[in-house]
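Colleague: Let me give you the structure first, and then I'll get to my questions.
Here, each number is a calculation from the coordinates, and none is a lab measurement. As the structure is a prediction and not an experimental result, all values here were calculated from the model. Here the Cβ positions follow ideal geometry from the backbone for every residue, glycine too, while neighbour counts run over all protein chains shown.
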Amino acid sequence: MTRLVKKDIAAMDKNLNHLDRLLEAVTGKSLLEIGAFAMGKALPLIPTRIAVVPITTGLGIIQGFSETVTAILVYLGADAFTTEKTDVRGLQEAFSRGAEVVFMADDQTFSAFHFKNGSWSDNGDATGRGFAAALYLAAKAQAQMEVLVLGAGAVGQAAIEFLLEKNISVVLGEIDQDKARACGEKYQNIKVAADWTAGRYHYIVEATPIADLIKTKNITDQSIIAAPGVPFGVAPAAAKKADQIIHNLLELGVATMLSAIS
Ligand code: 2YH
């Protein structure tokens, strides 16, 4: 799993409005509306007080990570703050300042927990659903649409689940044969592609950790690609050729997590 670095999140808080307008232009919905749609939630969400707790374990704090998550939540209308203390002291601070929800991430997992209503959300799941929802909206839910999901990890599987719930045909592209077989058995209504590279797919979710995986020959000029993968999985020339690219590193995942726990 790829860990975000400081430069991934630098200036993210200042670009939220720009990203929101961009998403609206492509999908017809705002960041929060996509997140709510991904989770089948109605807006406005039930208000709650949220703390984001920095976690020092493993490789430690990513400078600006918690503050950026807080900025995204505040942008989305939530009452959110970053705790001054970290780890268990940070949790104490969260509760002593009246938080009902805690967002926190270590090197593997980024989760949100609602300690009052008992719900919780994993960033990988939320990201997969959020990007699949954005793609579905951008494609205007074309009848007969078929989506190529690249990657059978947590993000890819969550995307598959969302698309199957919407009765969309899913084709999985996964380089690891064992993973591909296991995923094909888990979701019996999907096809597993023997070769996805011929460029016949208009709608793609790129959920692998492979940089520049998608090349120009793999897509059409009508392709819409939702690319939550880190690093970015679309080669520069392919990104230019595609009709639309939906890509952001944290924002849509956080919006979907907020919707999930509300
Ligand atoms: O970036 C990450 C992991 N790759 C989890 C991603 C889950 N999809 N973690 C962030 C670590 C943050 C750090 N512990 C902090 O600053 O609190």
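Colleague: For region 46-121, run through the trypsin sites (Lys or Arg not before Pro) and keep only the ones in DSSP coil with at most 14 other Cβ atoms within 10 Å of their Cβ.
Modeller: Values: sites: Arg49, Lys85, Arg89, Arg97, Lys116; in loops: Lys85, Arg97, Lys116.
Hits after loop and neighbour filter: Lys85, Arg97, Lys116.
Colleague: Could you work out, for region 221-262, what percent of all Cα-Cα pairs fall into each 5 Å distance bin, beginning at 0 Å and stopping at the bin that holds the largest distance?
Modeller: Per 5 Å bin, starting at zero, the Cα-Cα P(r) for region 221-262 comes out as 6, 22, 24, 17, 14, 10, 5, 2 percent.
Colleague: So, one more: Nearest 20 debye, what's the magnitude of the dipole of region 1-139 about its Cα centre given +1 on Lys and Arg Cβ and -1 on Asp and Glu Cβ? List each step's numbers first, then the result.
Modeller: Working: 13 positive and 15 negative charges, 23 e Å.
The dipole magnitude comes to about 100 debye.
Colleague: Please report, in debye to the nearest 20, how large the charge dipole of region 127-248 is about its Cα centre when each Lys and Arg carries +1 at its beta carbon and each Asp and Glu carries -1 there. List each step's numbers first, then the result.
Modeller: Numbers: 12 positive and 12 negative charges, 43 e Å.
So the dipole magnitude of region 127-248 works out to roughly 200 debye.
Colleague: In the chain, which whole DSSP H runs stretch at least 30 Å along their own axis (Cα) and average 1.0 or higher on the Kyte-Doolittle scale? Walk me through the numbers on the way to the answer.
Modeller: Numbers: long enough: none.
Going by DSSP H runs, there are no hits.
Colleague: Still on this structure: Sequence-distant or interchain residues sharing an amide H contact under 5 Å with Ile214, placed H: which?
Modeller: Val234, Ala235
Colleague: Have a look at Ala133, Gln92, Phe81 and report the one farthest towards the positive end of the charge dipole of region 56-174, computed about the Cα centre with Cβ charges (Lys/Arg +1, Asp/Glu -1).
Modeller: The residue sitting most towards the positive pole is Ala133.
Colleague: Right, here's the next one. How big is the charge dipole of the chain about its Cα centre, in debye rounded to the nearest 20, if each Lys and Arg gets +1 on its Cβ and each Asp and Glu gets -1 on its Cβ?
Modeller: Numbers: 24 positive and 28 negative charges, 67 e Å.
Charge dipole of the chain: 320 debye, to the nearest 20.
Colleague: Over the alpha-carbon set of region 40-90, work out the extent along each principal axis and list the three values in angstrom, largest first.
Modeller: That gives 37, 19, 18 Å along the principal axes, largest extent first.
Colleague: I've got another one for you. Just name one of Gln222, Pro236, Ile204: the one whose Cα is farthest towards the positive end of the charge dipole of region 127-248 (beta-carbon charges, Lys/Arg +1, Asp/Glu -1).
Modeller: Gln222
Colleague: If amide hydrogens are placed 1.01 Å from N in the peptide plane, which non-local residues have theirs closer than 5 Å to the one on Val170?
Modeller: Amide H neighbours of Val170: Val147, Lys191.
Colleague: Right, another one. In Å, the Kirkwood hydrodynamic radius of region 127-248 over pairs of distinct alpha carbons?
Modeller: Details: mean 1/r = 0.0727 Å⁻¹.
Kirkwood hydrodynamic radius for region 127-248: 13.8 Å.
Colleague: For the chain, with equal point scatterers placed on the C-alpha atoms only and solvent neglected, what are the log10 I(q)/I(0) values from the Debye formula at q = 0.11, 0.15 1/Å, to two decimals?
Modeller: Computed log10 I(q)/I(0) values: -0.58, -1.05.
Colleague: In angstroms, what radius of gyration and Dmax does region 90-184 have, counting Cα atoms only?
Modeller: 16.9, 52
Colleague: If contacts are Cα pairs under 8 angstrom and at least 6 residues apart, what is the relative contact order of region 127-248 in percent? Let's see the in-between values first.
Modeller: Working: 271 pairs, mean separation 30.9, N = 122.
Result for region 127-248 is 25 percent.
Colleague: Read phi for every residue in region 79-85 and hand back ³J(HN,Hα) as whole Hz from Karplus 6.51 cos²θ - 1.76 cosθ + 1.60, θ = phi - 60°, with x for Gly and Pro.
Modeller: Couplings: 8, 10, 9, 9, 6, 6, 8 Hz.
Colleague: Follow-up question, since we're still on this one. Convert each backbone phi in region 212-220 into a coupling constant with the Karplus relation 6.51 cos²θ - 1.76 cosθ + 1.60 (shift: θ = phi - 60°), then list the ³J(HN,Hα) values in order as whole Hz, x for Gly and Pro.
Modeller: Working through the residues one at a time gives 6, 4, 8, 9, 4, 5, 8, 9, 10 Hz.
Colleague: On the Cα set of region 43-128, report Rg and Dmax in Å, please.
Modeller: Computed over the Cα atoms of region 43-128, radius of gyration and Dmax are 12.2, 37 Å.
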